[in-house]
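A short worksheet on the structure shown next.
The values are calculated or read from the model by the stated rules, or taken from the named source; none is laboratory data. As the structure is a computational prediction, the values presented were derived from the model and not from experiment. Note that we place each Cβ from the backbone using ideal geometry, even for glycine, and neighbour counts take in every protein chain shown.
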Amino acid sequence: MAKGNGGTADAYGRVTVTRAPVAAAAAPSMSEEETFRQHVKDIFFDYDKYNVRNGDESVLSQDAAFLKSHPEMKVVIGGYCDERGSDEYNVALGQNRASSAEKLLIGSGVDANRIRVISYGKEKPFCADDNESCWQENRRAGFALDR
């Protein structure tokens, strides 16, 4: 109702109330482990070899760049082998593979105190099939965040 010099009048109006839009929920931030896994990649080796292949040098270079930009992260490099050969031979080969990766990371500027090396030999296969494709996946230097 409104009153004024002209008298009294009834009027109706409609008021629409809308909620303020809810801010989009921020995407959950990745954990340190997820960030590490996304940026640090494993490298692979040829049969009975521990020298880093040319194509994998660039992978290690990218791994090193990430690690240098995250100096709080420490890494474990695991040396892995396929199922062929004796346990003793594969432990030594796995150690050499992990050490080869370690040397290249250190040479690229990653502090040696941030790297730990371990050989798993053929004890922790990634793939269990009995074929070359699977064996190739097991011949690697695997990287994990060191806790």
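Is at least one residue of region 44-55 at pLDDT 95 or above and not in a loop (DSSP other than H, G, I, E, B)?
yes
For region 100-113, how many residues meet the condition of being surrounded by 16 or more Cβ atoms within 10 Å (Cβ to Cβ) and of a type outside the set (A, V, I, L, M, F, W, C)?
Narrowing region 100-113 to residues surrounded by 16 or more Cβ atoms within 10 Å (Cβ to Cβ): 100-102, 104-105, 108, 110.
If we keep only those that are of a type outside the set (A, V, I, L, M, F, W, C) too, we end up with 100, 102, 108.
Qualifying residue count for the region: 3.
Could you go through region 121-140 and let me know if any residue there is out of contact with any His (no Cβ under 7 Å at 6 or more places or on another chain), in contact (Cβ under 8 Å) with a residue 60 or more places away in the chain, crowded, with 17+ Cβ neighbours inside 10 Å and part of a strand (DSSP E or B).
Yes, because at least one residue in region 121-140 is out of contact with any His (no Cβ under 7 Å at 6 or more places or on another chain), in contact (Cβ under 8 Å) with a residue 60 or more places away in the chain, crowded, with 17+ Cβ neighbours inside 10 Å and part of a strand (DSSP E or B).
In this structure, is residue 105 in contact (Cβ under 8 Å) with a residue 40 or more places away in the chain, part of a helix (DSSP H, G or I) and more than 20 Å from residue 147 (Cβ to Cβ)? Full working, then the answer.
Values: in contact (Cβ under 8 Å) with a residue 40 or more places away in the chain: yes; part of a helix (DSSP H, G or I): yes; more than 20 Å from residue 147 (Cβ to Cβ): no.
It is false that residue 105 is in contact (Cβ under 8 Å) with a residue 40 or more places away in the chain, part of a helix (DSSP H, G or I) and more than 20 Å from residue 147 (Cβ to Cβ).
Considering (1) more than 12 Å from residue 141 (Cα to Cα); (2) of a type in the set (A, V, I, L, M); (3) surrounded by 15 or more Cβ atoms within 10 Å (Cβ to Cβ), say which one residue 40 fails and leave the rest.
All conditions are met except number (1).
Taking only region 62-93 into account, find how many residues are farther than 30 Å from residue 130 by Cβ and surrounded by 13 or more Cβ atoms within 10 Å (Cβ to Cβ). Reasoning before the result, please.
Going residue by residue through region 62-93, those that are farther than 30 Å from residue 130 by Cβ are 62-75.
From the residues that got through so far, the ones that are surrounded by 13 or more Cβ atoms within 10 Å (Cβ to Cβ) too are 62-68, 70, 73-75.
So the answer is 11.
Could you tell me whether any residue of region 55-78 is in contact (Cβ under 8 Å) with a residue 60 or more places away in the chain and over 16 Å from the mean Cα position of the chain (by Cα)?
Of region 55-78, the ones in contact (Cβ under 8 Å) with a residue 60 or more places away in the chain are 63, 73-78.
Among the residues that remain, those that are also over 16 Å from the mean Cα position of the chain (by Cα) are: none.
Within region 55-78 (the criterion being in contact (Cβ under 8 Å) with a residue 60 or more places away in the chain and over 16 Å from the mean Cα position of the chain (by Cα)), the answer is no, since none of the residues qualifies.
Within the group 88, 83, which residue is assigned to a helix (DSSP H, G or I) and either modelled with pLDDT under 95 or over 26 Å from the mean Cα position of the chain (by Cα) (or both)? Outline the logic, then answer.
Numbers: 83 fails: assigned to a helix (DSSP H, G or I).
Answer to the check: 88.
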